[in-house]
1. Here is a list of conditions, (1) out of contact with any Ser or Thr (no Cβ under 7 Å at 6 or more places or on another chain); (2) at pLDDT below 95; (3) buried (at least 16 other Cβ atoms within 10 Å of the Cβ), and Gln144 meets all of them except one; can you say which number that is?
2. Looking at (1) closer than 26 Å to Thr62 by Cα; (2) surrounded by fewer than 20 Cβ atoms within 10 Å (Cβ to Cβ), which is the one condition that is false for Ser217?
3. Could you check the stretch 74-109 and list, in sequence order, the residues that are small (Gly, Ala, Ser) and farther than 23 Å from Ile122 by Cβ?
4. I'd like to verify a number: residues in the stretch 170-189 that are open to solvent by 20 Å² or more (accessible area, probe 1.4 Å) and not aromatic (Phe, Trp, Tyr), how many?
5. Out of the stretch 251-268, which residues are farther than 10 Å from Lys46 by Cβ, surrounded by 13 or more Cβ atoms within 10 Å (Cβ to Cβ) and not hydrophobic (A, V, I, L, M, F, W, C)?
6. If the requirement is being at pLDDT 95 or above, in a strand (DSSP E or B) and of a type in the set (Gly, Ala, Ser), which of these qualifies: Ala89, Ala28?
7. Name the residue that is nearest to Glu260 (Cα to Cα), counting only residues in the stretch 49-74 that are open to solvent by 30 Å² or more (accessible area, probe 1.4 Å) and aliphatic (A, V, I, L, M).
Amino acid sequence: MKHILIVFCMFTSFGIYAQELFVVTEPASNAPAGSLSVRVGQSLMKNELTDSNMYSLSPEVTWGISKNFMVRASAYLDNSVNSLDIAGAGAYVKYRFFSVDDLQSHFRMAAFGRYSWNKTPIKQEPIDLMGRNSGFEAGLVATQLLKKVAISSSVSYGQAWDNDGNDFPEFQGKSALNYTFSVGRLMHPKRYVSYKQTNINAMIELLGQTITENGRSYMDIVPSIQFIINSQARIDLAYRKQLYASMHRPVADGVFLKLEYTFFNVTK
């Protein structure tokens, strides 16, 4: 906890606007109204069970229906059965219900929900609704933007079901409390002169989960760097590292690469 506080103080001591585009968590802000974005997420994670690497691919499409409401459809593919194959799919919705805007800052809150379907065997104890488990999630997220710094935190409840063709292990808990904390800072440019300038953001995200039935938990840290090009293209590069775990996690540490492009004013 001491190290986490030191990192937080480093980021918040910089003092013109930050980006609210985190790599592995979602802020309270939505996709621009009328926009359509296409994203491809990739990860390469160490698999302790097989002493090999697990590659995952996640294509996504996000639609900003209005300034307060967005939806996203995702597909999940991985090589857990020795060749790249479809593991599942999911749908995500977010509704921004509170916003306070100022000249160089704003505070926003949103409610979100997720539904996931998956067909792979369940070999891990954590509940992962973005590629490993079938089930649903519902939660709240709050985001504060202050000049160059963005801070965001969320809490949610997740419920896992049997995967398609694969029963959920009887000795594992099916429900979990998820919590995240993210802080990011705009590193470049120092001064805006054009929307075509490339933005470089640095951020650190913390992701945790506690299984409600048995109290087992984990906490991960994800440092990352992000490039926003021409205000439309986005490149994210991150590394996920386990800080603590009291549950069985054969796949925990690895690298992430995300590529995204946003088309504005696609719908009215």
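The values are calculated or read from the model by the stated rules, or taken from the named source; none is laboratory data. None of these values were measured; they are calculated from a predicted model. Cβ coordinates were reconstructed from backbone atoms using ideal geometry, including for glycine residues, and neighbour counts include every protein chain displayed. Note: areas computed on protein heavy atoms with side chains; ligands, DNA, RNA excluded. Shrake-Rupley method; radii C 1.70, N 1.55, O 1.52, S 1.80 Å.
1. For Gln144, the failing item is (2).
2. For Ser217, the failing item is (1).
3. Ser99, Ser105
4. 8
5. Lys258, Glu260, Tyr261, Thr262
6. Checking each option against the conditions leaves just Ala89.
7. Val61
Quick grid of which residues meet (1) in a strand (DSSP E or B); (2) out of contact with any Gly (no Cβ under 6 Å at 6 or more places or on another chain):
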site	(1), (2)
Val100	yes, yes
Arg108	yes, yes
Ala111	yes, yes
Glu137	yes, no
Gly158	yes, yes
Phe168	no, yes
Tyr192	no, yes
